[in-house]
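Only one structure is covered here, and it is reproduced in the block below.
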Amino acid sequence: MAQSVLNFSIASTDERLTSQSGEIVFGEYLKAIGVDKLCDRYLPQPKSNQGYAPFNFIQPLLLMMHGGGRSLDDIRMVQSDNAMQEVLHINKVPTADSTGKWLKRHGLIGMYGLEDMNKVLLKRYLKRIESPLVLDIDASVIESHKSIAEYTYKKFPGFTPMIGHMNGGYIIHSEFRSGNIAPADNNLTFVKRCEEQLPKESKLQYLRADSASYQAKLFDYCQDNGITYTIGANLDRSVLNSIKEIKQWETMRSEDGKTHHVKEEVAEFIHTMQHTNHSFRLIVVKKTTTPILHGFENILSEEELLSYASERYHVIATNSDDMSAEDAVRFYRKRGDTSENRIKELKNGFNLKYLPTSDFTGNAFYFYVGILAYNLFVLFKETLKESWQHHTIQTLRYKLYNIAGKVITHARQTILKVNEQFVEVLESIRTKSYEISIE
């Protein structure tokens with residue numbers, strides 16, 4: 001026996017063990033909502049009986065992404081987990097090399113197929129939404145040094161996908177773009193594509209976006225189609241001249257009536273742009289800041305602080321008739337959580353900062369699989385207890401997915417054994433998955 005510090009030994013076992021018991025119930029949820037059938041319906045089938053079916057590729061990718069895998073090689077997380085494979089009836093797990101070739105071979109048709117799948121799953125998400133439909137659009141940047149990458153506006157090579165979130169969660173539509181395409185390109189077309197994903201009985205009511213969408217055609221389209229927009233505006237010369245003429249400012253307060261710790265004031269005026277058919281409101285937020293070292297504010301007098309103070313402006317365009325200036329600012333700022341933080345969750349939580357191939361459509365297909373994984377995570381939350389439904393994927397891995405278990409077979413029945421404290425949680429999720437499967 002080898003020398004050791006503590007008195008225990010290490011030995012091998014033939015028992016079927018898994019470190020991903022919680023992820024197994026997610027795999028069961030995929031079957032409950034029919035992801036396997038959707039893959040067979042919308043994704044390209046193999047040309048021979050010996051080939052892998054589409055779900056044979058998609059299922060391991062989804063499990064790998066949910067489990068925290070960082071690259072295609074991490075499909076081995078599923079390949080080596082015999083317990084998971086037995087419980088989920090996974091008979092075939094393609095290698096990372098085969099998966100990469102499949103992504104490149106079916107890149108374009110695979111993207112269209114996943115778009116159709118996403119449209120079907122969106123209907124399930126919308127059943128849970130009782131509030132008016134709000135679309136947030138924003139571009140992101142994925143740094144990549146592959147040969148096909150172009151330089152982005154961030155001054156490094158990569159890609160700039162455009163992403164549209166519906167009511168702060170579900171990604172309704174996305175476009176995988178080359179790095180040299182500006183975030184402002186074709187935003188009106190993108191909004192229209194987002195609307196096309198909605199069922200006929202659903203109507204988009206609000207649009208939020210940053211200043212990349214400060215475009216006359218987009219404003220006219222929203223006005224003509226009854227969409228209320230709040231979009232970041234540009235501080236050009238005409239806007240600044242109008243701001244200088246403002247005589248009356250109101251103190252910005254939070255929804256509970258408290259003032260912000262940074263002094264903010266709001267005002268508004270009517271504005272128009274060249275080539276627009278309608279005028280709109282410009283909401284101006286003025287921040288008064290004093291750029292000094294921390295702690296000096298307790299030493300200097302108020303007059304001295306004011307002498308160092310400077311004013312900064314942020315401007316928001318809106319066609320809303322029923323929101324006050326403060327309400328419009330608060331509504332616009334929600335996109336920080338409903339769009340920007342969700343994109344961070346997509347890229348960091350599902351490791352979409354990594355792209356597997358040197359083929360553009362292959363990478364785009366992989367990115368769309370990542371979006372499918374993210375949207376399924378959003379949908380999967382309907383099976384969780386309420387206190388868990390705001391968790392990020394990292395937190396859910398810690399609390400649910402990474403539960404150790406053992407699979408045994410007794411009287412022709414497969415049993416997943418876990419610690420007693422987790423039995424009720426897993427059974428609750430399985431019960432809800434079953435209820436979903438018979439809807």
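The values are calculated or read from the model by the stated rules, or taken from the named source; none is laboratory data. Only a predicted model underlies this, so the values are computations on that prediction, with no experimental measurement involved. Cβ: placed from backbone, ideal geometry, glycine included. Neighbour counts: every protein chain shown.
Answer yes or no: is there a residue in the stretch 352-362 that is part of a helix (DSSP H, G or I), out of contact with any Gly (no Cβ under 8 Å at 6 or more places or on another chain) and in contact (Cβ under 8 Å) with a residue 12 or more places away in the chain.
The initial filter retains those residues of the stretch 352-362 that are part of a helix (DSSP H, G or I), namely 360-362.
From the residues that got through so far, the ones that are out of contact with any Gly (no Cβ under 8 Å at 6 or more places or on another chain) too are none.
Looking through the stretch 352-362, none of the residues is part of a helix (DSSP H, G or I), out of contact with any Gly (no Cβ under 8 Å at 6 or more places or on another chain) and in contact (Cβ under 8 Å) with a residue 12 or more places away in the chain.
When you go through (1) surrounded by fewer than 18 Cβ atoms within 10 Å (Cβ to Cβ); (2) over 30 Å from ASN348 (Cβ atoms); (3) out of contact with any Pro (no Cβ under 7 Å at 6 or more places or on another chain) one by one for LYS31, which number turns out not to apply?
(2)
Under 9 Å by Cβ, and 6 or more places apart or on different chains, what pairs join a residue from the stretch 265-288 that is free of Cβ contacts under 8 Å to residues at least 40 places away in the same chain and part of a loop (DSSP other than H, G, I, E, B) with one that is surrounded by fewer than 15 Cβ atoms within 10 Å (Cβ to Cβ) and among the aliphatic types (A, V, I, L, M)?
Sorted first by the residue in the stretch 265-288, then by its partner, the pairs are SER279/ILE270.
Among the numbered criteria (1) farther than 28 Å from ILE283 by Cα; (2) charged (D, E, K, R); (3) over 21 Å from the mean Cα position of the chain (by Cα), which one does GLU196 miss?
Tallying (1) farther than 28 Å from ILE283 by Cα; (2) charged (D, E, K, R); (3) over 21 Å from the mean Cα position of the chain (by Cα), GLU196 fails exactly one: (3).
Quick check on this structure: which one of ARG342, ARG397 is surrounded by 15 or more Cβ atoms within 10 Å (Cβ to Cβ), under 17 Å from GLU23 (Cβ atoms) and among the charged types (D, E, K, R)?
Values: ARG342 fails: under 17 Å from GLU23 (Cβ atoms).
None of the others qualify; the one that does is ARG397.
Given the conditions (1) in a loop (DSSP other than H, G, I, E, B); (2) within 21 Å of MET64 (Cα to Cα), report the number of the one that GLN394 does not fulfil.
Result: GLN394 passes all but (1).
Does at least one position in the stretch 142-155 carry a residue that is buried (at least 18 other Cβ atoms within 10 Å of the Cβ), closer than 29 Å to HIS390 by Cβ and at pLDDT below 95?
Yes, because at least one residue in the stretch 142-155 is buried (at least 18 other Cβ atoms within 10 Å of the Cβ), closer than 29 Å to HIS390 by Cβ and at pLDDT below 95.
List the number of the failed condition for GLN205; all other conditions in (1) out of contact with any Phe, Trp or Tyr (no Cβ under 7 Å at 6 or more places or on another chain); (2) buried (at least 17 other Cβ atoms within 10 Å of the Cβ); (3) modelled with pLDDT of 95 or more hold.
With respect to (1) out of contact with any Phe, Trp or Tyr (no Cβ under 7 Å at 6 or more places or on another chain); (2) buried (at least 17 other Cβ atoms within 10 Å of the Cβ); (3) modelled with pLDDT of 95 or more, GLN205 is out only on (2).
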